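Student: A single structure is presented below for examination.
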């Protein structure tokens, strides 16, 4: 049996407060759209994917789905119903139209293979399948902010996607929809024009991303950064944006802030991005003498673009001289501000190397840093 997935992705997502379609936002390093599409592309029983997207966002959607095979695009409509109808018509025009379709909200990127397989099994056995969860909370009817009466939750379900149907009757049903008929999902169309659809097991993890706070994930990434700079002639060093008097300086193309550099590399590593030298090469004149604390702020922007936020960072500065204890509190303040984190999320320690090696001989400073990122894109982007 030939099965296609349809991903309606043309909504504006205004309730998130984002300035663009929420399905193009990155979440833990990948866009919401790509996460949803990969779930179906990874299922051996799904032959292809039809994505409903607006014309202005098609290029961005194509980039987000790069490398995923058998993807076709259908015009996004003014409503979800119109978008799905457009996708069904596009599939009907294929040389070999599908026998079945799975319709899934692109804004549900956490759908599991177990949920998809369960939906397919039910659909093949009964002709339709609607993923659902039984309601466990108390349900009430309200008006003007006041409870009118309770609703019996026995037999009440919260519907999810995917929703699977035999292709031919669903297409026929969509072609019968009147101009002013409101439908919030495909089960309503099927129920009115074909038959009562069959329920199958949904999943609590298969949530729909509707508000900005829904984009937070209980997932973490960790990274390590190490940087070393040798001493040269000078009268001070800069660590964590703090000028520290010394009888030497640190040799560098920028201001030589070895602490900021190590923290930046830890953050980039955690996000799976190239190191600091890739973004701010020492061969580029614009970064000569650059403020490394400002560069750290740019690194923050890079990881936020990938859908991450700083959870915490920790750094150990190894230097025989100068003594750094009086300056650490200000270093913490500076790093916290650059990273958009609380001061308590920044740990800095300083120690000597017991006069061993190049550090013990006073030839340079090394900083080892670790970073933990959480998947939580900010509302601003």
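Laboratory data are not the source of any read-out in this text; all were calculated from the coordinates shown. From a predicted model like this one, the values you see are computed outputs, not experimental measurements. Don't worry about glycine lacking a Cβ; one is built from the backbone with ideal geometry, like all the others, and counts go over all protein chains shown.
Student: Taking the 0 to 90 degree range and rounding to the nearest ten, how far is the long axis of helix 167-176 tilted relative to the main principal axis of the chain, both from C-alpha atoms?
Tutor: Tilt relative to the chain: about 80 degrees.
Student: So how tilted is helix 258-270 from the main axis of the chain? Cα-based, degrees 0 to 90, rounded to 10.
Tutor: Once rounded, one gets 20 degrees.
Student: Using Cβ counts within 10 Å as a stand-in for footprinting exposure, how do 108, 248, 153 rank, fewest first?
Tutor: 153, 248, 108
Student: Please rank 136, 79, 366, fewest neighbouring Cβ atoms within 10 Å first, as an exposure proxy.
Tutor: Sorted ascending by nearby Cβ count, the order is 136, 79, 366.
Student: What is the Cα centroid distance between region 27-104 and region 350-367, reported in whole angstrom?
Tutor: Distance between centres, Cα-based: 57 Å.
Student: Please say if region 249-291 is rounded, prolate or oblate, where rounded means a/c under 1.5 for a ≥ b ≥ c the square roots of the C-alpha gyration tensor eigenvalues, and otherwise the choice is prolate for a/b larger than b/c and oblate otherwise?
Tutor: Since a/c reaches 1.5 but b/c is at least a/b, the shape of region 249-291 is classed as oblate.
Student: Hey, fewest Cβ within 10 Å first, where do 363, 354, 304 land in order?
Tutor: Neighbour counts put them in this order, fewest first: 354, 363, 304.
Student: Using Cα atoms only, what is the angle between the long axis of helix 32-41 and the major principal axis of the chain, expressed in degrees (0 to 90) to the nearest 10?
Tutor: It works out to around 60 degrees.
Student: To continue, here is another question. Defining a contact as two alpha carbons under 8 Å apart and six or more residues distant in sequence, what relative contact order in percent does the chain show?
Tutor: Relative CO of the chain lands at 17 percent.
Student: Decide, for region 22-129, between rounded, prolate and oblate: order the square roots of the alpha carbon gyration tensor eigenvalues as a ≥ b ≥ c, take rounded if a/c falls under 1.5, and otherwise choose prolate if a/b is larger than b/c, else oblate.
Tutor: Cα axes put region 22-129 in the oblate bin.
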